[in-house]
Amino acid sequence: MPVDLTDADHAILDHLVAGRCTVGYLSDEIEYSRQHIHNRLNVLQAAEYVRKIHEPTGLYELQSDPR
């Protein structure tokens, strides 16, 4: 299911292209709230663009860059 990417999504994907990231790291780097990043990662995960690889730390990696 295609997703209309937001500015936050682009920033998240830019960081995930470089390597795995946690929600906290993304929040510090791109200055969106942890909750907003978490919500957008859920959307990106549902679209199979990203994958959560470690539940306790919220570590994500890029699965497929939709851009």
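The values are calculated or read from the model by the stated rules, or taken from the named source; none is laboratory data. Given the structure is predicted, the values throughout are model-derived calculations rather than measurements. Cβ atoms come from the backbone with ideal geometry, glycine included; neighbour counts cover every protein chain shown. We work out accessible area using only protein heavy atoms, side chains counted, and drop any ligands, DNA or RNA first. Shrake-Rupley method; radii C 1.70, N 1.55, O 1.52, S 1.80 Å.
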Per DSSP helix of 4 or more residues, -39500 (n - 2.57); summed, then divided by the residues of the chain. What does that give at 222 nm, rounded to the nearest 500? -15000 deg cm²/dmol
For Glu61 and Thr22, extending 7 Å from Cα along the Cα-Cβ vector and measuring point to point gives, in nm, a value of 1.8 nm
Dipole magnitude of the chain about its Cα centre (Cβ charges: Lys, Arg +1; Asp, Glu -1), debye to nearest 20: 220 debye
Could you please state how large a percent of the accessible area of the chain is carbon and sulfur, counting protein chains only and using a 1.4 Å probe? 45 percent
Considering amide H positions built from the backbone, and no H for Pro or chain starts, which residues 5 or more places from Thr22, or on another chain, come under 5 Å of its amide H? Tyr60
Net charge of Cβ neighbours under 11 Å - reference Val50; Lys, Arg +1; Asp, Glu -1: 0
With a 1.4 Å probe and all protein chains left in place, how much accessible area per residue does the chain have, in Å²? 61 Å²
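How much space per residue, in cubic angstrom, does the convex hull of the C-alpha atoms of the chain take up?
On the way: hull volume 4.9 nm³, N = 67.
Dividing the Cα hull volume of the chain by its residues yields 73 Å³.
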